[in-house]
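The values are calculated or read from the model by the stated rules, or taken from the named source; none is laboratory data. Since the structure is predicted, the reported quantities are computational estimates derived from the model, not experimental observations. Heads up, the Cβs are rebuilt from the backbone with ideal geometry, glycines too, and the neighbour counts pull from every protein chain shown.
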Amino acid sequence: MNKILQHLEKNLVIIFISVSFVSYGQGIIIDHNCTNLNNVPVEWINSAKENQHIAYQHTSHGSQLIDGMNGLKNWKGEQYAFNNGGSGGALDLHDYAMSSYGASDLGNPDRTSWEQATSNFLNDPNNSYVNVIIWSWCGEVSSADSTDIQTYLDLMSSLENTFPNVKFVYMTGHLDGTGIDGNLNQRNEQIRRYCRNNNKVLYDFADIESYDPDGNFYLDKMANDNCDYDSDNDGTRDKNWALDWQAFHIENVDWYNCSAAHSQALNGNRKAYAAWWLWASLAGWEGVVASVQKDKIEKSVYLNQNYPNPFNPTTNLEFHISDFGLVTLKIYNIMGEETAILVNEAKSPGNYKVVFNAFNYPSGVYFYRLQTANYTSTKKMILLR
């Protein structure tokens, strides 16, 4: 039984689906898979500098993008230069663009003032050339409930309708150490799901800092925005993945030094790489998935995190399969005992949603496990009465 539980817990490492740049109609998802700057062609960097006029508003956490971009320019040179106005062939990026219009970030001074500040900014004739708006959170997602996030999503959608010639970039909140089951991740998942389902542009701030450059995952290890994490599962953050990675790699070859508020240089590096991937994508670049890699993603099999989570008594389990064949979806309790079989039949390729009703189940931690001929994934969910 312990071996079963260990196997289930091991498979929790991949707890939510992160998609490297994929176009959903006009949608763009920027996450940790979009942090290899070498994959972004120079011609699309240049196209971004020629065509993008960006207004960015943030407080300290959001400055990680800007400080990372400044460090990248200092390291790699004028190819990655930016300034307010785009002079000298640089990217036109107005930092703190809307601070004089009534708000500082998506939660300051409250959760709605940023929308009016954006409208005021875009209605100012002096800003008529701006075609990209991006706002960041500070720590406000951690204390948000689902209604707060829905308010954010609704206001963004309203702005998109009012200013159809402007691209609005959505953003998740930074890591706070509460892990997969914490409120922060649940609210970030709410933002991700909305963006994917509605073809939005998302800069997934939290996902970028959930992985190191080697693809190791830290969200399930109590990782915070400083890159501290719990390495031995004893409930205490005792290591820092960014500092460890930097210590075993060469500065100015594998990484560069830069400021990164509340965090480490490597996190600032990755935020900058992802930012340039975003600017190039907004300029029209279709990313590394344009041909073979896109085909692989479209044919992939994946299991999504259930929602809502925690739940009472029903929750939705969604998965995608790429080939016809036998599919099983089973529920296990914390002891690794099988408690329900939700799917056990041949399925055609496509997207599926199954509603799990735990009316007769006691509160606690459960696992759900999807298995096909060539794929197995197990995820964790919480029934909370």
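Summary of values
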| read-out | value |
| --- | --- |
| Hits in segment 50-73 (condition: more than 21 Å from residue 262 (Cβ to Cβ) and of a type in the set (S, T, N, Q)) | 51, 52 |
| Answer residue from segment 251-268, given it is of a type in the set (A, V, I, L, M) and at pLDDT 85 or above and is farthest from residue 77 (Cα to Cα) among those | 261 |
| Hits in segment 232-250 - residues which are surrounded by fewer than 19 Cβ atoms within 10 Å (Cβ to Cβ), among the polar types (S, T, N, Q) and at pLDDT 95 or above | 236 |
| Of all residues making up segment 35-62, the number that are assigned to a helix (DSSP H, G or I) and more than 17 Å from residue 91 (Cβ to Cβ) | 2 |
| Wholly enclosed strands (runs of 3 or more DSSP E) of segment 80-186 bearing at least 1 residues outside the structural domain of residue 311 (by TED's automatic domain parsing), at pLDDT 95 or above and over 24 Å from the mean Cα position of the chain (by Cα) | 91-95 |
| Subset of segment 222-245 (residues that are under 25 Å from residue 140 (Cα atoms) and either of a type in the set (Phe, Trp, Tyr) or in contact with a Ser or Thr (Cβ under 7 Å, 6 or more places away or on another chain) (or both)) | 223, 225, 226, 227, 229, 230, 241 |
| Qualifying positions in segment 68-85 - surrounded by 20 or more Cβ atoms within 10 Å (Cβ to Cβ) and touching a residue at least 40 places away in the same chain (Cβ under 8 Å) | 68, 69, 71, 72, 80 |
| Qualifying residue in segment 129-142 (condition: surrounded by fewer than 17 Cβ atoms within 10 Å (Cβ to Cβ) and out of contact with any strand residue (DSSP E or B) (no Cβ under 8 Å at 6 or more places or on another chain)) | no |
